Amino acid sequence: MSTGFASAFKLGRDWAVGTGASYRYGAAYTPVAGGTEMSPGGEVRARFGVEGPFGGGKYFRGRSSTRRAAPTTWAVGATTSSAIARSRTRR
């Protein structure tokens, strides 16, 4: 399930700025019948953009975005990050 917002604002006469943010909640599920339950971590995304004329008939449009996610948790208590760390130490 996700929720979020987005909005744009006029900046001066010809420029515009846009912003947005969202949150995704990952519900627990079992990918294979009889398998281990998996609980994906939540995820947050943020976006920022700007656009407008840039002299000589050119137009500028730029954006930036970022994403942060919590680790996935397995029913046995391990997370994806700790499972990766264990596999590296076994090599």
**OP:** In nm, give the distance between the simple-model label positions of Arg68 and Met38, each being 7 Å from the Cα along the Cα-to-Cβ direction.
**Re:** 2.4 nm
Original post:
Restricting attention to the range 1-76, which chymotrypsin sites (Phe, Trp or Tyr not before Pro) occupy a DSSP loop and are surrounded by at most 15 other Cβ atoms within 10 Å?
Top reply: Tyr25, Phe54
Subject >> Within the range 39-55: backbone nitrogen closer than 13 Å to the Ala21 label point (7 Å, Cα to C-beta) >> reply: 44-48
Original post:
In the range 11-52, which GluC sites (Glu not before Pro) fall in coil by DSSP and have 15 or fewer other Cβ atoms within 10 Å?
Top reply: Glu37
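All of the numbers you see were taken from the coordinates with simple rules; none came from a lab. Quick caveat: nothing in here was measured; it's all calculated off a predicted structure. Cβ: placed from backbone, ideal geometry, glycine included. Neighbour counts: every protein chain shown.
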